[in-house]
Every structure is written in C-alpha cells, then in structure tokens.
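The values are calculated or read from the model by the stated rules, or taken from the named source; none is laboratory data. Please read these numbers as outputs of a predicted model, since none were measured by experiment. Neighbour counts run over all protein chains shown; Cβ positions are idealised from the backbone, glycine included.
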Amino acid sequence: MSDRVALVTGAGSGIGKASSKVLARDGYAIGALGHSREELDVTVREIEAVGGVAMALDADVSSEDLMASALSSLMGRFGRLDVVVANAGINGVWAPIDDITLAEWTRTISVNLTGTFLTIRAAVPHLKSSGGGSIVVVSSINGTRTFTTPGATAYTATKAAQLAMVQQLSLELARHHIRINAVCPGEIETNIDANTDLRGENQTAIPVIWPEGQVPITGGRPGRSEDVAEVIAFLASEKSRHMTGSPVWVDGGQGLLR
C-alpha cells in the first residue's frame, strides 16, 4: 500500500516521463503507463535510482481491455489511486482535409481522444474509492488557443474535445471530490514529432509574418517537458484545490502571437 499514487500515461518519454519524475519527487508512487516497455523501464529505473517507487504498465491507451488490465495491476500493487495524468498522444497525420484518409483520422482520434476517455473511465472508480483526487489532461494550444497548424484537423479536433471533456466532467466529478483540469502546452522539446506525418503543407499553411521568435519568453526556443511537468504537479497537488474545469496554457506566450 502507498500513501499517494499517480497514474501517468505516455510515461516513456517527453512530458509523461518528466511528469512521472516530478510527481515521484513529490512523494507519489508512479504507475508509468505506455506502449514501449523499454522506455517505461528506463523511466522506472530513473525514479527508483533517486529513492522513488514506480511500476511499468505496458498498455495501449486506445484498448479498453489493456487499460482495464493495467488499472487492475496498478491497484494490485499500490492499493489506491489519487492522481491521473492523461498525457498519451500522437500528432498523427497532418494533411489537407481532402487528402487525409479515414484510417489516418481514426488513428489520431483513437489515441488522443478515445485514449483519454478510456484512461479517465478506468481510473474514476478507483479515485472515488480513494475519496477523491485530481485528473490532469494534457491537451495543447492547438484547438484551444490557436488554429494555424497546417493540416492538423484531426489533431486539433482531439485537443479541443479533450478540453470540452475536462469542462464537462468537472461538474460531474465534483461531488466525488475529484478535480479535473487541462494543461495546454505550446512548442515543447519532446519526441512527439516521431508520431507526425506531414503532407501537402503548401496547400494548407497560411503565410503570416510572425513577430521574431516563436516563443516570446524564451527568445524563440521551445519549452522543456519539465516546464509542463511542474504545472501538472501543481494541478495534482492540494495547492490547486479550488481549481477544476480549467485550461492552463503552458506556451511561453506563443499562442498569443497567432
């Protein structure tokens, strides 16, 4: 049994890995969930190396059966659940609307949106049993603050829908003392570009002369995964006890340029 337990999806790299490490630093036992066991094992080892507690949960967030099995394993090991970070996602295919295929659209929806739904649905009964908790959904400035990424119709739709889900569930879950908020990162140094397929950019991009630098607060440099992870840790903690249904943009002002 552990005093406080956090489930983090997409925990093998990027924001998910950084969030797992920051929450472990703050005293949470970590269920590090993802689809690459090798990466998850590295995350777990790094947490354990500094005295933290973690377990790897190998699952695809878009699979109902695998998510149910993963939550069962988490509860069997730790006995409770207090925080959920629904971070797993892909960029998918960015292409003109008359070029993107149904299979490409469905893949992005399945991972980003259905995966968020299945994560929350599987976790909520355990959060209720623990007397409440906090859910943090990792959305994006795309679909919530900006709409200028060339060809990103499927991706943007999932990110907008994630925020709508957060706001809808904030009222439903409040009676159970479960808070749910969204972080909306801008350009962050992660490996999500490995999950991106960009086609036909010249058919969808809108030519604009930006102010110098994409991210004003850093002189144009992308943010770090840790910058988002620290905000996630705040939303997971009692320091944000009066926040629910809120988007928090972590973009260094990037979204305000567009």
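Quick one: is residue 54 in contact (Cβ under 8 Å) with a residue 40 or more places away in the chain and either among the aliphatic types (A, V, I, L, M) or closer than 27 Å to residue 224 by Cα (or both)? Answer is no for this residue.
Against the test of being part of a helix (DSSP H, G or I), modelled with pLDDT of 95 or more and among the β-branched types (Val, Ile, Thr), the options 84, 42, 61 yield a single qualifying residue, 42. Residue pairs whose Cβ atoms lie under 8 Å apart, sitting 6 or more positions apart in sequence or on different chains, and linking a residue in the stretch 103-118 that is in contact (Cβ under 8 Å) with a residue 24 or more places away in the chain and buried (at least 17 other Cβ atoms within 10 Å of the Cβ) to a partner that is of a type in the set (D, E, K, R) and part of a helix (DSSP H, G or I), are 112/159; 118/64. Mind checking whether some residue in the stretch 14-25 is at pLDDT 95 or above, outside any loop (DSSP other than H, G, I, E, B) and over 20 Å from residue 228 (Cα atoms)? Within the stretch 14-25, none of the residues are at pLDDT 95 or above, outside any loop (DSSP other than H, G, I, E, B) and over 20 Å from residue 228 (Cα atoms).
Looking across the stretch 45-58, the residues that are part of a helix (DSSP H, G or I) and surrounded by fewer than 23 Cβ atoms within 10 Å (Cβ to Cβ) come down to 45, 46, 48, 49. Report, by residue number, each residue of the stretch 235-258 that is surrounded by fewer than 17 Cβ atoms within 10 Å (Cβ to Cβ), at pLDDT 95 or above and either assigned to a helix (DSSP H, G or I) or touching a His at 6+ places or on another chain (Cβ under 7 Å) (or both). Listed by number, the residues that qualify are 238, 239. Looking only at the stretch 1-21, how many residues end up being surrounded by fewer than 24 Cβ atoms within 10 Å (Cβ to Cβ) and either of a type in the set (A, V, I, L, M) or without any contact (Cβ under 8 Å) to a residue 12 or more places away in the chain (or both)? Matching residues across the stretch 1-21 total 1.
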